[in-house]
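**Q** Here it is, the structure, as structure tokens.
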Amino acid sequence: MDLGGSAGFDAGFDAEEAAAAAEIERIRAEVTSVPAADIVANHVIGLWQLAVLHLDPGPGRIPQLGEAAVAIDAIGAVVDALGDRLGESAGPLRDALAQLHLAYAEVRAQVTGSGPTTPA
């Protein structure tokens, strides 16, 4: 019984390789068509979401202040380093960072019973 031999397998593999290469090229073109500042801003929003999840982990769970601080500090590092190079996202990201600092201070005061402090 002949199942196409190695020639049939090679042809199928080549077609899969070509399809994968075409998909990689499509993704590359899609990503490079978006301004880098927009992609960075999107990642900063992901860090903001991470900080919020650690500050408010849900009922019965203790906020993870150290983990939230890492995310908040990462946002600050990006926003401070890039500033207005983030384009129209710069202002909203600065505002979001300020809100996170306030939220951190409030949660820290609730958890520790001490006065408000913001992450580094």
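The values are calculated or read from the model by the stated rules, or taken from the named source; none is laboratory data. Keep in mind that what you see is a predicted model, and the values were worked out from it rather than measured. Here the Cβ positions follow ideal geometry from the backbone for every residue, glycine too, while neighbour counts run over all protein chains shown.
**Q** Any residue in segment 95-110 that is farther than 14 Å from ALA71 by Cα sitting within a Cβ distance under 8 Å of a residue that is assigned to a helix (DSSP H, G or I) and at pLDDT 95 or above? List the pairs, counting only those 6 or more apart or interchain.
**A** Pairs that qualify, where the first residue is farther than 14 Å from ALA71 by Cα and the partner is assigned to a helix (DSSP H, G or I) and at pLDDT 95 or above, are VAL107/LEU55; VAL107/LEU65; VAL107/ALA68; ARG108/LEU65.
**Q** Just give me the residues in segment 46-69 being closer than 21 Å to GLY91 by Cα and either without any contact (Cβ under 8 Å) to a residue 24 or more places away in the chain or of a type in the set (Asp, Glu) (or both), in sequence order.
**A** Those that are closer than 21 Å to GLY91 by Cα and either without any contact (Cβ under 8 Å) to a residue 24 or more places away in the chain or of a type in the set (Asp, Glu) (or both): GLY46, GLN49, LEU50.
**Q** Determine if segment 80-93 includes at least one residue that is over 20 Å from the mean Cα position of the chain (by Cα) and in contact (Cβ under 8 Å) with a residue 12 or more places away in the chain.
**A** Of the residues in segment 80-93, the ones over 20 Å from the mean Cα position of the chain (by Cα) are none.
Checked segment 80-93: no residue is over 20 Å from the mean Cα position of the chain (by Cα) and in contact (Cβ under 8 Å) with a residue 12 or more places away in the chain.
**Q** Out of PRO119, PRO57, PRO63, I need the residue that is surrounded by 13 or more Cβ atoms within 10 Å (Cβ to Cβ), outside any helix (DSSP H, G or I) and modelled with pLDDT of 95 or more. Which one? Give the steps one after another, and end with the answer.
**A** Numbers: PRO119 fails: modelled with pLDDT of 95 or more; PRO57 fails: modelled with pLDDT of 95 or more.
None of the others qualify; the one that does is PRO63.
**Q** I've got another one for you. When the residues of segment 66-116 are filtered to those that are of a type in the set (A, V, I, L, M, F, W, C) and farther than 30 Å from PRO35 by Cα, which remaining residue is modelled with the lowest pLDDT? If you could, list the steps in order and put the result at the bottom.
**A** The first filter runs over segment 66-116 and keeps only residues of a type in the set (A, V, I, L, M, F, W, C), leaving 68-72, 74-75, 77-79, 81-82, 86, 90, 93, 96-98, 100, 102-103, 105, 107, 109, 111.
Next cut, farther than 30 Å from PRO35 by Cα only: 102-103, 105, 107, 109, 111.
Values: LEU102: 97, ALA103: 97, ALA105: 96, VAL107: 96, ALA109: 94, VAL111: 90.
Among those residues, the one meeting the criterion is VAL111.
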